[in-house]
Amino acid sequence: MLSPSSQTIRLFLHILSASVWVGGQIVIGVLVPKMRRFSADSTKILAHAFARVAWPAFALLVVTGIWNILAVDSTDLSTAYQITMFVHILMGVATAMFAFIHSIGQTKFAIAVGGALGLLTSLVAMFVGILLQTGH
């Protein structure tokens, strides 16, 4: 068996936290319409429970993301790689912003738009992150 390294641990933690953040949003999106049938409060209970797991996962994403950036050999970075990294970071910031809007939204519109754009930017960030790992 191959021995794990700090790189494999770093990437594992980053992918694990991204899976919780993005995958959790997908699962919650599927559950919410069904939960509404039980009671109006059930979606709030579900959202608060998810937030207790999702936001720490997002914090771990940020920490391991910084760790990933510090681990990159900066002497040989193409312009395309740098632009891709910028897009990845931009999508990470956008997903946090939209998730925050979703969580504090007072109208159905704010909640829906924040949730939809939060998921969309999360998926783009995940895809671009994979592109960064496989493209250089």
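Could you please find all residues in region 80-117 being surrounded by fewer than 16 Cβ atoms within 10 Å (Cβ to Cβ) and farther than 30 Å from ILE9 by Cβ?
Selection gives ILE104, GLY105, GLN106, THR107, LYS108, PHE109, ALA110, ALA112, VAL113, ALA116.
Determine if region 38-57 includes at least one residue that is of a type in the set (A, V, I, L, M, F, W, C) and under 13 Å from ALA125 (Cα atoms).
No, region 38-57 contains no residue that is of a type in the set (A, V, I, L, M, F, W, C) and under 13 Å from ALA125 (Cα atoms).
Restricting attention to region 26-34, does a residue exist that is surrounded by 11 or more Cβ atoms within 10 Å (Cβ to Cβ), part of a helix (DSSP H, G or I), in contact with a Leu (Cβ under 9 Å, 6 or more places away or on another chain) and at pLDDT 95 or above?
Yes: one or more hits.
Of all residues in region 46-78 being small (Gly, Ala, Ser) and under 20 Å from PHE12 (Cβ atoms), which is farthest from the chain's Cα centre (by Cα)?
This residue is ALA71.
Among (1) at pLDDT below 95; (2) exposed (fewer than 11 other Cβ atoms within 10 Å of the Cβ); (3) within 28 Å of LEU90 (Cα to Cα), which single condition is LEU2 missing?
Just one mismatch for LEU2, condition (3).
Got a sec? Which of ILE66, ILE83, ILE89, ILE101 is in a helix (DSSP H, G or I), among the hydrophobic types (A, V, I, L, M, F, W, C) and touching a helix residue (DSSP H, G or I) at 6+ places or on another chain (Cβ under 6 Å)?
None of the other options fit; the residue is ILE101.
Would region 9-31 turn up any residue that is more than 22 Å from VAL128 (Cβ to Cβ) and among the polar types (S, T, N, Q)?
no
Out of region 36-55, which residues are among the hydroxyl-bearing types (Ser, Thr, Tyr) and either touching a residue at least 24 places away in the same chain (Cβ under 8 Å) or surrounded by 11 or more Cβ atoms within 10 Å (Cβ to Cβ) (or both)?
Scanning region 36-55 gives SER42, THR43.
The values are calculated or read from the model by the stated rules, or taken from the named source; none is laboratory data. Since we're looking at a predicted model, the values are computed, not measured. Counting neighbours? That spans all protein chains shown, and the Cβs are built from the backbone with ideal geometry, glycine included.
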